[in-house]
Each structure stands twice: as structure tokens, then as C-alpha cells.
1. If you check Ala57 against the conditions, is it surrounded by 21 or more Cβ atoms within 10 Å (Cβ to Cβ) and under 26 Å from the mean Cα position of the chain (by Cα)?
2. Could you grab me the full set of residues in the stretch 81-108 that are without any contact (Cβ under 8 Å) to a residue 60 or more places away in the chain and surrounded by fewer than 22 Cβ atoms within 10 Å (Cβ to Cβ)?
3. Would you pick out the residues in the stretch 301-328 that are modelled with pLDDT of 95 or more and of a type in the set (Phe, Trp, Tyr)?
4. Could you please let me know if Leu201 is within 13 Å of the ligand (Cβ to nearest atom), more than 21 Å from Ala27 (Cβ to Cβ) and crowded, with 24+ Cβ neighbours inside 10 Å?
5. Please give the helices (runs of 4 or more DSSP H) falling wholly within the stretch 274-390 in which 3 or more residues are within 29 Å of Thr101 (Cβ to Cβ) and within 16 Å of the ligand (Cβ to nearest atom).
6. Give me the residue from the stretch 126-175 that is of a type in the set (Ser, Thr, Tyr) and within 16 Å of the ligand (Cβ to nearest atom) and, out of that set, surrounded by the most Cβ atoms within 10 Å (Cβ to Cβ).
7. Does the stretch 226-244 hold any residues that are more than 23 Å from the chain's Cα centre (by Cα) and of a type in the set (Lys, Arg), and which are they?
8. For the stretch 181-228, which residues satisfy the criterion of being in a strand (DSSP E or B) and β-branched (Val, Ile, Thr)?
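The values are calculated or read from the model by the stated rules, or taken from the named source; none is laboratory data. Here the structure is a predicted model, which is why all the values come from computation and not from measurement. Glycine also receives a Cβ, built like all others from the backbone with ideal geometry; neighbour counts cover every protein chain displayed.
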Amino acid sequence: MPPDKNYNLYFDNAATSWPKPEPVYTAAEKYLRSTGGSPGRSSHSRALRADRLVYEARERVSSFLGAENPGQIVFTLNATDALNMAIKGLLQQGDHVILTTMEHNSVLRPLGSLKRKGIINTTVVPASTDGYPDLDYLQNSLTSTTRLVICSHASNVLGTIMPVKSMAEIAHRHNCLLLVDAAQSAGCLHFNVKELGVDLLAFTGHKGLLGPPGSGGLYVREGIKVDPWREGGTGSQSEKDEHPSEMPERLEAGTMNVPGIAGLNEGIKFLQSEGMEQIRAHELSLATRLLDGLNKIPGITIYGPSRPEDRLANVSFNLKNFDAGELAFALEENFGIQSRTGLHCAPLAHKSAGTFPHGTIRLSPGYFHREEEVDYVLECLEQTARHLVN
Ligand SMILES: Cc1ncc(COP(=O)(O)O)c(C=O)c1O
């Protein structure tokens, strides 16, 4: 039984991280309560303070990701917004796009709609049951009209860390751009956009970066022109009815989510002060403990790479003959454990893993979890499995 009836253990950090570091709450509240002001819009002190706040956050994201300069970082609402911005701002009539089966609906759906309108055509690279895309297939799918290759940095379903660097090399040999969806990896893995060789990278603020929902961004390598899919007020060049072409205003229109950006700034500051090596090491030790424990429970099948170092801490599995939703319900009802079930907005990834259409149950511990909490989850699962199977 849970320690008390109000006990709950949040194991759904791959959906959104919780809790946040304390300064994330205070920064968002401080902006709302006392800073106020719209950045880039007025010359009074509130607007200037808001402006400085956004600039500091942009600089922080830029150095965290290893971008050339802060102007290459565009703030967006989330990864979905950033992916739509890149996809719809880059692709033109007749373009060919290559994606993998591991992509989230935030890639599949914008591409699907452009395809249905007859604007683009696509090739989907198959992945192994562990989630690794077939790089020979990718290589053989490139044509003279291929403009963009899109790949997630790490799978939200299987946790698989993708060979993004190799994919960038293949794409660049054919003069294509690589757009990486780092919704799951940002804040969980230490990486640098230059070392990875990516051209565009979409991230969300509310998962590994520990910021508030409604924050995120797009990195655009210098020299790449993405057409704005949202145009409007920027506080600059207001005499023209043409949206400014300079980055980052080119892709930022309308009043910004300053409390979200202020919180994101603090989330990343927290990661920097802990150190990404320490963050990764702790999450890896939780994943290792979880995988080892799950492996010992009769009837459980784990999906994704078996070596913890090849994956993030999100772990998908199923219990023999039991619906994942039923299992998740039992875990919360009896033990206060919160998980996520179903297709995780990535239907093709489940097809690759062999878990379509029912999906899996996913547990995703976060940096604030302790090893004892993983042990508690394992004990509860073991008990539930024994009870359900017998
Ligand atoms: C791999 C992946 N891509 C994109 C997204 C979309 O992120 P957001 O909902 O923050 O836009 C998610 C969120 O679950 C994800 O896991």
C-alpha cells in the first residue's frame, strides 16, 4: 500500500517533468507579479527589464546548445511549435522529406498535411525493434529533390538514443538539411549542435530542461533561411507590412511568453549548476535499476535497447496478457504510481517495436527521483504482476 492515501509518485517525466527546481516557480511568479512589461515593445523600465530577461535566457539556451550566436535561437511555445515552424518554413512544392518511424505526431502530422495538399512527398525509414533507424535505407532513399531529413534525438517510446551524427553526415553528403527533434533529449543528454552537425533543432522547455509548459525553441544554423509561418508584431520595423527578415524576430511574432521563458532560463541554470554529466549519471543509474528490476519480474517484456547507456531513463514495457491501461490504473489506484500508457503520440514507433495498436506502459523517472523510489515502483509492480497473473 502507498505510505498514505494522498501519496503519489510521479513517473511521467517524459510527458512533462515535475517537480521543477524552486527558482523556476519563483522566476515565473516574479515576472508576473513585479516585472511585467512586454520585451522589445516599449522603452519604459518594465519593458527593458523583460527585454533583458529574454536576452539572458536566449544567451543561456544558445551556450547550453552550443549555437553560433543567441540570434539563432528562436523561442517557441513548445517542440511542436518549433517543428511546425521548421517544416512549414523550409519545405516547398516538390520537396522530398525523409523521416523515421520513430517520429512523434508533431512531425508526422505536419508532414502528413503537406503531403495531403500535394506539396511534398515523403519516405519513412524503418527502424529496428529497439528503435534504431536503418541507415542504409536512409542512404538509399536520398534523391535529388530531398531537402530535409528529420529524426528524433531520442525516442519518447523506447528511450533509444539515435545515431544523429551519422544521419547528419549522410544528409550533408547529399546537400540535405537535418532537423532534429530534441524534445526528449534536451536536458537529459549533454550535446552540442555543432558536434552533432545538426542544421535545425527543436526543443521543448517543460521536459528535461525543467522549465514551464508553453516554453521551447528552435535552433537554426547560421545561413539557413526559414520562412516565418507566423507573422505580426515584433516591436521593430513597424512602418512596414512585411515581417522583419532578421533572426530571431524573423520567426518570433506576437507578445512572448515571458514567464515561461524566465522559468526556462532558471531550469537550464539549474542543469548547468548541477552539471549535465551528473544529471545523466543519476538518470542512467535510475534507468539501470529500473531495467534490472523489471527484467526479474515474470511476465514483463521490456522494449528498447537493453544497455542502459544506449537509452534515456524512459522505459516502456508490457505485462503478459494485460492491457497497459489496466496495469497503469492498478498502479495508481493501489500504490499512487503515475505512468503513461498507449501509443505516446508515436504510432509508427510502436509499429517498429511490435506494440501497435495497444501500446505499452511507460515509466519515466526524473532527476529528482531517488533509488528507493525506483525500488518501491518495482516492489509494487512485482506484487501487481503476481496478483494479476495468478
Ligand atoms: C519525441 C517528441 N517530440 C515532440 C514532442 C512534442 O513536445 P511538446 O508537446 O512539448 O510540443 C514530444 C512530447 O511528448 C516528444 O516526446
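1. Numbers: surrounded by 21 or more Cβ atoms within 10 Å (Cβ to Cβ): yes; under 26 Å from the mean Cα position of the chain (by Cα): yes.
Here the answer is yes, as Ala57 does meet what is asked.
2. Hits for the stretch 81-108 are Leu91, Gln92, Gln93, Gly94, Asp95, His96.
3. Tyr303, Phe317
4. Criteria met by Leu201.
5. Numbers: elements: 276-295, 324-335, 347-353, 371-389.
Those helices (runs of 4 or more DSSP H) span 347-353.
6. Ser155
7. Lys240, the sole residue that qualifies.
8. First, the residues of the stretch 181-228 that are in a strand (DSSP E or B): 181, 186, 189, 200-204, 216-220.
Within the stretch 181-228, Thr204, Val220 meet the criteria.
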